[in-house]
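First the structure, in the form of structure tokens, and then the observations on it.
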Amino acid sequence: MASELETGLPSIRQIQGLIKDAKETTFKLISGEELVGTVMWIDPNCVCLKDKQGESLLLWLQAIAYIKPKP
């Protein structure tokens, strides 16, 4: 795992844009489960998603199959 967030990567810049815009986003996990919420922050290992009930969910990056912003 990286010890620092590589902000030059397009994937990290896209997630940072989702954080800035507070855009609702769907996360599909490799388990098949889908989670919807707003991305609060990202670090080299995890991303924090706030769901519609205001709960903070900590997701390991390895568990994420894809991220899809809501239109």
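Some notes on this structure:
- What the phi angles of segment 54-63 give under the Karplus curve with 6.51, -1.76 and 1.60, with θ = phi - 60°, is a coupling list of x, 7, 8, 10, 9, 10, 6, 4, 5, 7 Hz, glycine and proline written as x.
- Expected 222 nm ellipticity per residue - DSSP helices of 4 or more, -39500 (n - 2.57), all of the chain, to 500: -5000 deg cm²/dmol
- Local net charge near Asn45, Cβ-Cβ under 15 Å (Lys/Arg +1, Asp/Glu -1): -3
- Sorted by Cβ density within 10 Å, fewest first, the residues Val36, Val47: Val36, Val47
- GluC sites (Glu not before Pro) within segment 6-69, DSSP loop, no more than 10 other Cβ atoms inside 10 Å: Glu6, Glu33, Glu55
- With 0.36 nm allotted per residue and the present C-alpha distance subtracted, the Ala65-Ile12 stretch has 17.6 nm of extension available.
- Percent RCO, i.e. relative contact order, over segment 10-69, from Cα pairs under 8 Å lying at least 6 residues apart: 32
- Charged side chains reduced to their Cβ positions (Lys and Arg at +1, Asp and Glu at -1) give segment 10-69 a dipole of some 200 debye around its Cα centre.
No value in this document is a laboratory result; all are computed from the given coordinates. In this text, all values refer to a predicted model and were calculated from it rather than measured experimentally. Note that each Cβ is placed from the backbone with ideal geometry, even for glycine, and that neighbours are counted across all protein chains shown.
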